[in-house]
1. From zero outward in steps of 5 Å, how is the percent of C-alpha pairs of segment 142-183 spread across the bins?
2. Provide the solvent-accessible area of residue 390, counting protein heavy atoms only and rolling a 1.4 Å probe, rounded to the nearest 10 Å².
3. So what is the relative contact order of the chain, in percent, for Cα pairs below 8 Å that sit 6 or more residues apart?
4. Using only the alpha-carbon atoms, what does the chain span along each of its principal axes? Please give whole angstrom values in decreasing order.
5. Roughly how big is the chain's charge dipole about its Cα centre, with Cβ charges of +1 (Lys, Arg) and -1 (Asp, Glu), in debye to the nearest 20?
6. Gain in length, residue 327 to residue 131, computed as 0.36 nm per residue apart minus the alpha-carbon separation, to one decimal in nm?
7. Could you give the radius of gyration (one decimal) and Dmax (whole number) of the Cα atoms in segment 158-216, in Å?
8. Given all pairs of different Cα atoms, what value in angstroms does the Kirkwood hydrodynamic radius of segment 374-426 take?
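The values are calculated or read from the model by the stated rules, or taken from the named source; none is laboratory data. Quick caveat: nothing in here was measured; it's all calculated off a predicted structure. Cβ: placed from backbone, ideal geometry, glycine included. Neighbour counts: every protein chain shown. These area figures cover heavy atoms from the full protein model, side chains too; ligands, DNA and RNA do not enter into them. Shrake-Rupley method; radii C 1.70, N 1.55, O 1.52, S 1.80 Å.
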Amino acid sequence: MEQKNIVAVIYLKNGNAVKSFTDFTPVDDIYKRCQLYNDSGIDKLMIFDLSTDDEEHEKNINTINNINRNIDIKVCAGGNINRLEDIKKLLYAGCLQVMLNASKPSSIGLATEASARFGKDRILASIDNVDFVFKNQKILENTFHEVFVLNMSILDALENLTNVPYIVQLPAYDYPQILSLLKREKIRGVAGSFINDPDTDIMQLKADLSVDGIKMDNFAPDLQWSDLKLNSDGMVPVIVQDYRTDEVLMLAYMNEEAFNTTLTIGRMTYYSRSRNELWTKGLTSGHVQYVKSLTADCDFDTILAKVSQVGSACHTGNRSCFFNQIVQKEYIEKNPLKVLESVYEDIKERKEHPKDGSYTNYLFQKGQDKILKKIGQECTEIIIAAKNPDAEEIKYEISDFLYYTMLLMVEKGVTWTDISNELAQR
């Protein structure tokens, strides 16, 4: 059986999240909500742009771009798409897929062109009746990766007309209905307002569905508790790291109940030796740790947990529990990721706080054209240096090129996160 998805939906109006297609009542902070979806077990996010003019459309695209900068799950966006350029903008904003409204007469032509240019796997259609499917069966299968069904009453007719897989939006929570639908061969996932609700326990829903035979993307462990070597207290120490930065956050302990609870709910749960009780991190403070991975060490007696940390890991309010320095030897940082990020931050700092005599500030003062000229010069010098059998010269020229490129990045507000996100999607 193919893995099924739990899909959340965001409706955008004037750059902010609203309740639905027709109810423009604002909801809570859109970025916090999307981060919650990212961490709580949602597999895919569908975003509907409800803009009515180009200015609002651009504002919503900017919001979508900011969302994609901060989350890791798949994002598909659609709405107010009238030309190929609109599709391109959404893809450049970090969306993995773009969804066209099947009820618009222009959708077929646009979808056909976009599918040929960007790939069929990037193009979806939203439908609420079977007329579109009936009239365009062949084009539908050749052009669209999947469809998002807004009216579940058409499912039987849809399945009789096409083999294109679909996601269906449900009107309300009904577990037997969800289970029955996800057993269908052509369905890829379910959506609905109950899934959008931040209070819905998505990991528990996925755990229940897994028990009932539905293949879900949840924490089905490769190792069992019985595979681990326990300490004298019958527990295993857990080292906790931030999954994005690898910063070490804390050390805690798990017993078997804590281990199994962590796998079920997707939030780090430990056993408190001082209180002699189970505790899920953040239940009272809100500083939840969402599980990204659990890995045992070579001796199977320690767990490394990589998490998305909300707020602070330490009870003192510090981000990490490890802040009491004992000794530190100075060294030159050579981790390429940290070096590039550090140089970028230095350039950004120099732009925000100019310093007399700074070459970096001189270039910023001269403007974008000067920076672009330097980038062009360095491109030429890289080509010339590549002709030299000695690698030293090309290393020097590439370093210069990266410096000037980072100047341009800071000037245009582009971060290394933006670049890595773009590369990750290729």
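1. Distribution as computed: 5, 19, 31, 27, 12, 5, 1 percent.
2. 80 Å²
3. Answer for the chain is 10 percent.
4. 70, 64, 47
5. The dipole magnitude comes to about 500 debye.
6. Values: separation 196, 0.36 × 196 = 70.56 nm, distance 7.15 nm.
Result: 63.4 nm gained on full extension.
7. Radius of gyration, then largest Cα-Cα span, for segment 158-216: 11.9, 37 Å.
8. Values: mean 1/r = 0.0820 Å⁻¹.
Roughly 12.2 Å, rounded to one decimal.
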